[in-house]
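Colleague: Below are the structure tokens for one structure; questions will follow.
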Amino acid sequence: MTHSSEGLNRVIGVSGVAFTVINLTIGAGIFVLPATVSLQLGAFGIFCYLFCTLMMTAIVLCYVEIGSRFTVSGGSYTYVETAFGKLAGFIINWLYFFGWGVLGSAAVLNIIADSISVLFPAFTFPVYRGLLFLGFLGIMMYVNIRGAKDSVLFLKFITIIKLLPLIAIIIFGFSHINGQNLHWQHLPSMKTFGNTALILFFAFAGFETSLNVSGEIKNPARTIPRGILLGGASVLVIYLFLQIIVQGVLGPNMAEFKDAPLAAVANSIIGPIGATILVIATAISCFGNISCDILSTPRLLFAGANDGLFPKYLSKVHPKFKTPYSAIITYGTLIFIFSISGGFKQLAVLASASVLLIYLGVLLAMIKMRTRKAFASIKGFTVPGGLIVPVIGILSIIWLLSSLSKPEILSTIIFIGIVCILYFIMQKFFVSKKNTNDE
């Protein structure tokens, strides 16, 4: 599954993929999520993490199988487009780059501003927030345009910085645990457990974005399985330990610190300076999350342009740095527009439904691709157990989709309808233009 004309440099190795997975998965949510889980499930919340891990593992393994056999950019879009055609690929591309990418990053940018405004109130004003967004996005786009290798080095540095306070909480928090806080009195209802699992599931989402840069990954058949599994395992360990620490330290007092449980734990460990450190860590974590997104998601636009689904200028590769600079600039600009408009808050309900539909499309694509001799003949990772793992993943996704709210379902249906209309308009325009040029 190659594309010889992409013109990108293969510079990303196992550690690069693993760091990207960690950065994309661990965002702002982890600084609040332990309290959300604990308030619903108490000490039993640890088992919710394990349950979500099993669901996500099934999805991850399917991604690893199909991803290890593709050497081109595009990730989820490329897999679905190859299996089901251009319309399906076009829908997945829009769900990913806009519904999950642009709107999600716009929201995270505002979380950065909210975090910094705790220390510098000036960033509560729209003008200063806009300048902050422009500066951050400018740095991210510049680094990514200069090359994927430099971007990965930058992301490794950011990942280490964002993980240090979390690891410190894990290491020093154990001595502050009250064992009684880790005992549960009764089992939660299935409805409560299911609703909490839906929230928690999205804390594990994001790993797949690292596959958008497959065109720049060295030896994908080897690098993708190792990188994704290493990164995913690291995320699970960090999540589990943080939940144990927060539950063990705060226990029945969790409701008092529901908006900043990690900051409360840091405060109990080293005093008020701990809360300040966690505020800064939140901003850095969000910054790293968006940096990874700007590294990965523009490759969807690049791949779509190469396939004739998007304007050709998005397929331009920088002559010196060998990066899809037009796609990077376009994507960063869209994030900026929605981050300052405020309108993304109403549209952000698309994000949860979008990622579930993307996962469903990829798992179905993997099953279909297995029937093709060309796919089976390529050396790569194969999920053991036949269809057992993908079926578990598909059933998990359908279960989570059934838990979505009516506004999420309705907005997603409307969005997909608009994308379909856009597809046929663009196809007619480009086909007509191509036919005219051919004549």
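Colleague: Which lysines does residue 379 reach when only Cα atoms under 25 Å apart count, and residues fewer than 8 places away in its own chain are ignored?
Modeller: Within the straight-line cut-off, residue 379 pairs with 218, 368.
Colleague: In percent, how large is the relative contact order of the range 14-438, given Cα pairs closer than 8 Å and 6 or more residues apart?
Modeller: Numbers: 616 pairs, mean separation 151.4, N = 425.
Relative contact order here is 36 percent.
Colleague: Need the C-alpha centroid separation for the range 107-164 versus the range 379-431, integer Å.
Modeller: That distance is 30 Å.
Colleague: Points 7 angstrom from Cα along the Cβ direction at residue 337 and residue 192: gap in nanometres?
Modeller: Going from the residue 337 label point to the residue 192 one covers 4.5 nm.
Colleague: Calculated from the structure, semi-axes √(5λ) of the Cα gyration tensor in Å equals which of [x] 33, 28, 21; [y] 42, 28, 19; [z] 36, 25, 21?
Modeller: Answer label, from the structure shown: [z].
Colleague: Kyte-Doolittle mean at least -0.5 and Cα extent at least 18 Å along the axis: which DSSP H helices of the chain qualify?
Modeller: Values: long enough: 45-67 (32 Å, 1.90); 103-119 (25 Å, 1.70); 126-145 (28 Å, 1.43); 148-173 (36 Å, 1.85); 220-250 (44 Å, 1.45); 272-296 (37 Å, 1.55); 325-341 (24 Å, 1.58); 350-369 (28 Å, 2.11); 388-401 (20 Å, 2.76); 406-438 (47 Å, 0.72).
Going by DSSP H runs, the hits are 45-67, 103-119, 126-145, 148-173, 220-250, 272-296, 325-341, 350-369, 388-401, 406-438.
Colleague: Using amide H atoms built in the peptide plane, which far-off residues or other-chain residues are under 5 Å from residue 380 H to H?
Modeller: Placed amide hydrogens put nothing under 5 Å from residue 380.
Colleague: Which lysines, on any chain, are close to residue 191 with Cα under 30 Å apart, when same-chain ones fewer than 8 places away are left out?
Modeller: Result set, ordered by chain and number: 258, 345, 406.
Read the figures in this text as sums done on the coordinates, not as results from a lab. Not measured: the values here are computed from a predicted model. Please note: Cβ atoms are built from the backbone with ideal geometry, for glycine as well, and neighbour counts cover all protein chains shown.
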